[in-house]
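*Asks:* One structure is given below, represented as structure tokens, and several questions about it will come after.
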Amino acid sequence: MEKSHVISDSLFNEAQAEFAIGRNWIAYNTKTNFLENADMWFFRDKDEAIEFANDNISDQDAYAVIHASSIISLMRQLPYGEDIHFNLTQKELEELFQSIDWKDAFYDPLHDTIEASTEQEKDDLAKMETLLVEWENLYNQDPDAALQLATTYWEGHPMETYKEDFLTIKYDLMNERNFDYLKSNIRNHGFGETLGPELETALKTGQGEFTLAFKTEVNKREMEATLYFKKSNESDLYFFNKYDTRLKNEKDETIAQTFYINNGWGVTLKEAYNLLNGRAVHKELTSKDQEKYQAWLQLDFSAKDKNGNFERKQFHQNYGYDLKEALSYYPIKEMQQKEDMEKLIRSLEKGNVQMVTMQISGKDERVFIEANPQYKTINLYNSKFQRLDQEQRQELMNKPELKEGKEQGKGKEKSQELGKEDQPEKKQGKGRKVNGGSAGEDNGLVTKKRSSNKKGLGI
């Protein structure tokens with residue numbers, strides 16, 4: 001069997017020496033497949049390693065930071081698997097175990113810096129390195145089989161210490177990576193960094209599942225959430241599975257909904273806020289066949305499922321809603337520059353109400369807009385957050401030929417729907433209207449007002 005290294009012999013020796021004095025944080029150059037001394041730097045402190053990596057970026061250098069306690073754990077983390085995996089069968093690995101007298105044999109780079117001078121010593125060292133790499137590979141694939149080998153050949157002998165050290169490092173490293181993954185996962189879902197200490201404490205308990213409580217304000221409205229974590233049935237890894245959220249609306253009513261996390265990703269907290277306020281959110285979803293597709297999501301406040309959650313309306317990418325096209329029918333200044341247009345579209349896709357500038361009667365006026373995938377258009381509000389009706393929207397359109405076409409004549413089958421949504425709401429004072437109507441309603445942010453004399457848009 002021909003053995004190859006992804007690191008030079010001199011770097012191999014340097015790494016062993018560095019581990020022996022506690023320099024276990026490593027910055028290595030990802031730009032090269034064969035690492036030499038100048039491509040790997042060792043540190044006692046994680047922050048020092050990260051600082052070095054950040055300060056040494058060039059066309060030839062891009063450093064990644066890892067933690068390793070031994071040559072074996074170092075080489076397992078380098079992304080050149082074919083160079084360090086010898087692909088022994090389980091039978092070949094057991095034969096290698098049988099070829100060594102374990103009564104005295106011991107090798108653990110975590111504790112010893114072994115110098116091989118004779119050819120026999122070098123061969124023995126290479127054999128031991130190969131055995132340990134393959135045993136750890138087997139452990140990653142079949143822990144029971146690997147532990148059975150260790151029990152048979154190492155129990156009561158010096159290498160039993162290596163097994164215990166390996167399992168401890170494996171457990172600690174797994175927990176550290178699991179914590180980092182979950183911390184990043186909940187941060188990406190909009191829950192910030194404040195839950196980190198509670199998360200770390202909960203992981204150390206080892207219980208099968210746990211929850212974390214979170215409270216914040218979104219647009220000056222109180223929002224609470226309970227995050228659910230559960231240990232995998234196949235491993236000791238924990239996953240963020242779902243969160244319950246409660247939002248107090250402007251009528252002091254509490255709206256609750258559960259949002260599920262699929263393959264590490266789902267609706268963010270801000271997107272949940274927008275959904276609970278009746279707006280639509282654009283997401284990449286995964287089908288039962290694990291195929292990805294795009295769709296707009298919106299809650300149906302007129303129907304609940306068996307778990308008490310609002311049913312979800314979904315407008316698939318084949319539904320035909322083109323947000324960019326819907327925006328193009330209005331003189332929106334932010335649509336004139338590509339960068340501004342892309343920012344606007346991204347914000348609307350998250351379900352946000354977005355302020356834009358339109359030129360009205362020769363003047364720049366503020367208008368608020370939101371996506372409306374169900375009717376393949378956008379909703380518009382004036383500066384007082386009053387919903388513009390169909391006639392007012394037509395006056396704003398920047399393509400005159402469309403005034404009798406697109407908005408009014410998308411189809412006679414839609415005229416009744418559009419007419420219905422533009423009827424004045426029952427007056428309930430001058431406060432904003434709370435979102436949340438029946439399925440198919442085009443809910444606005446405020447009570448609509450229509451002037452009897454129709455003297456302009458009230459912008």
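*Asks:* So which residues in the range 153-172 are out of contact with any helix residue (DSSP H, G or I) (no Cβ under 8 Å at 6 or more places or on another chain) and touching a residue at least 12 places away in the same chain (Cβ under 8 Å)? Even if it seems obvious, please write down each step before you answer.
*Replies:* Start the filter on the range 153-172 by keeping residues that are out of contact with any helix residue (DSSP H, G or I) (no Cβ under 8 Å at 6 or more places or on another chain), which leaves 155-158, 161, 164-165, 167-168, 171-172.
Within the range 153-172, H157, P158, T161, D165, Y171 qualify.
*Asks:* Does L327 meet the test of being without any contact (Cβ under 8 Å) to a residue 60 or more places away in the chain, hydrophobic (A, V, I, L, M, F, W, C) and not in a strand (DSSP E or B)?
*Replies:* On the way: without any contact (Cβ under 8 Å) to a residue 60 or more places away in the chain: yes; hydrophobic (A, V, I, L, M, F, W, C): yes; not in a strand (DSSP E or B): yes.
Yes: the conditions hold for L327.
Yes/no matrix, rows are residues, columns are (1) at pLDDT below 80; (2) out of contact with any Pro (no Cβ under 7 Å at 6 or more places or on another chain); (3) surrounded by 12 or more Cβ atoms within 10 Å (Cβ to Cβ); (4) not basic (K, R):
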| residue | (1), (2), (3), (4) |
| --- | --- |
| I100 | no, yes, yes, yes |
| K103 | no, yes, no, no |
| D108 | yes, yes, yes, yes |
| E121 | yes, yes, yes, yes |
| L125 | yes, yes, yes, yes |
| L131 | no, yes, yes, yes |
| L147 | no, yes, yes, yes |
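*Asks:* If a residue has to be assigned to a loop (DSSP other than H, G, I, E, B), touching a residue at least 12 places away in the same chain (Cβ under 8 Å) and within 27 Å of N274 (Cα to Cα) to count, how many in the range 205-241 make the cut?
*Replies:* 1
*Asks:* Sticking with this structure for a sec: Does the range 312-327 include one or more residues that are under 26 Å from the mean Cα position of the chain (by Cα), modelled with pLDDT of 90 or more and closer than 28 Å to F229 by Cβ?
*Replies:* Among the residues of the range 312-327, at least one is under 26 Å from the mean Cα position of the chain (by Cα), modelled with pLDDT of 90 or more and closer than 28 Å to F229 by Cβ, which makes the answer yes.
*Asks:* Among the numbered conditions (1) surrounded by 20 or more Cβ atoms within 10 Å (Cβ to Cβ); (2) modelled with pLDDT of 95 or more, tell me where I345 comes up short.
*Replies:* For I345, the exception is condition (1).
*Asks:* Residues Q257, Q294, Q290: which one is at pLDDT below 95, closer than 30 Å to R187 by Cβ and in contact with a Leu (Cβ under 9 Å, 6 or more places away or on another chain)? Spell out the reasoning first.
*Replies:* Working: Q257 fails: at pLDDT below 95; Q290 fails: in contact with a Leu (Cβ under 9 Å, 6 or more places away or on another chain).
Checking each option against the conditions leaves just Q294.
*Asks:* Kindly check whether there is at least one residue in the range 421-440 that is modelled with pLDDT under 65 and either of a type in the set (S, T, Y) or assigned to a helix (DSSP H, G or I) (or both). Step through it out loud before you land on a result.
*Replies:* Within the range 421-440, the subset modelled with pLDDT under 65 is 421-440.
Filter once more, keeping what is either of a type in the set (S, T, Y) or assigned to a helix (DSSP H, G or I) (or both): 421, 438.
There is at least one residue in the range 421-440 that is modelled with pLDDT under 65 and either of a type in the set (S, T, Y) or assigned to a helix (DSSP H, G or I) (or both).
*Asks:* Tell me, which residue of the range 123-157 that is in a helix (DSSP H, G or I) and acidic (D, E) is nearest to the chain's Cα centre (by Cα)? I'd like the intermediate steps shown before the answer.
*Replies:* Here is the first cut: in the range 123-157, the ones in a helix (DSSP H, G or I) are 123-141, 143-154.
Now narrow it down to the ones that are acidic (D, E): 123-124, 129, 134, 136, 144.
Working: D123: 46, D124: 46, E129: 37, E134: 33, E136: 29, D144: 32 Å.
So, considering only residues that are in a helix (DSSP H, G or I) and acidic (D, E), the one nearest to the chain's Cα centre (by Cα) is E136.
*Asks:* Would you confirm, using the coordinates I've provided, whether R312 is closer than 30 Å to Q390 by Cβ, among the charged types (D, E, K, R) and assigned by TED's automatic domain parsing to the domain that holds Q359?
*Replies:* Working: closer than 30 Å to Q390 by Cβ: yes; among the charged types (D, E, K, R): yes; assigned by TED's automatic domain parsing to the domain that holds Q359: no.
So R312 does not fit the description; no.
*Asks:* Now, a different point. Working only within the range 277-302, note down all residues that are touching a residue at least 40 places away in the same chain (Cβ under 8 Å) and not in a loop (DSSP other than H, G, I, E, B).
*Replies:* Keep residues of the range 277-302 that are touching a residue at least 40 places away in the same chain (Cβ under 8 Å), which gives 277-282, 296, 298-302.
Within the range 277-302, V281, H282, W296, Q298, L299, D300, F301, S302 qualify.
The values are calculated or read from the model by the stated rules, or taken from the named source; none is laboratory data. These numbers were taken from a predicted model, which means no experiment stands behind them. Every residue, glycine among them, receives a Cβ derived from its backbone with ideal geometry; neighbour counts consider all protein chains shown.
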